[in-house]
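Readers should treat all values here as calculations from the given coordinates under stated rules, not as data from a laboratory. If you're wondering where the values come from, they're calculated on a predicted model, not measured in any experiment. Using ideal geometry, Cβ is built from the backbone for each residue, glycine included, and neighbour counts are taken over all protein chains shown.
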Amino acid sequence: MKNYKGLGAPRKIDGARGFTLIEVMVSMVVLTVGLISLLGVLGLAMKATQGSEQLGVSKQLANEALESILTARETSNVQWSQIQNTGSGGIFLPGANLIYNAGVDGIIDTADDAASGIQTLDLPGPDGIFGTADDVFLPLNNYTRQVDIEPVVSGGQPDGNLRSITITVTYNTPQFKVPQTYVLSTYISPYR
């Protein structure tokens, strides 16, 4: 009988070997762990993206309160001595308060705001155009705002011409089980 090339018992090539079943299973486990961790990161990114609207609203609410204080000072609607919390002889309410529209005085977070009602977030309706009948008005009742105005201490004595303003907006989101906060801090002086 003749032995044809390619027929018969397989020949072993020097130094070559295939993957064993154990090696394949170990690589599948490593790949599975990597994919599961990637899915976890994707889930965190989705949560952060969903919370970004609430964070943007809270930033706007804090800036709105600060602009109201600065505008009151610039237009001389209030005296320098009134730019304090009510416990210190000023007009701004202490503690965390619901987000109301500005009252008759036009200044946010003062005693007359509650009569103006809860502030709403105005969104375009299905047509995507503001000011039409299908607009959506979401009340901002899951937000609170706290305005703290403190004198700045310099050399152990309060500086009468400088105050610290800290505005804290707290909100709840369904994605995160704990309240989220945004804090805006700055200084103000009586000089325009």
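The number of residues in segment 45-81 that are closer than 25 Å to GLY160 by Cα and of a type outside the set (Asp, Glu) comes to 17.
Note on segment 73-107: residues that are of a type outside the set (Val, Ile, Thr), over 28 Å from PRO139 (Cβ atoms), in contact with a Gly (Cβ under 9 Å, 6 or more places away or on another chain) and in contact (Cβ under 8 Å) with a residue 12 or more places away in the chain total 2. Out of ILE91, ILE99, one residue alone is of a type in the set (Val, Ile, Thr) and under 26 Å from the mean Cα position of the chain (by Cα). It is ILE99. Filtered by the rule that a residue be surrounded by 13 or more Cβ atoms within 10 Å (Cβ to Cβ) and touching a Leu at 6+ places or on another chain (Cβ under 9 Å), segment 149-172 gives PRO151, VAL152, ILE165, THR166, ILE167, THR168, VAL169, TYR171. Determine if segment 64-76 includes at least one residue that is surrounded by 11 or more Cβ atoms within 10 Å (Cβ to Cβ), closer than 26 Å to GLN180 by Cα, among the hydroxyl-bearing types (Ser, Thr, Tyr) and within 23 Å of the chain's Cα centre (by Cα). Scanning segment 64-76 turns up at least one residue that is surrounded by 11 or more Cβ atoms within 10 Å (Cβ to Cβ), closer than 26 Å to GLN180 by Cα, among the hydroxyl-bearing types (Ser, Thr, Tyr) and within 23 Å of the chain's Cα centre (by Cα).
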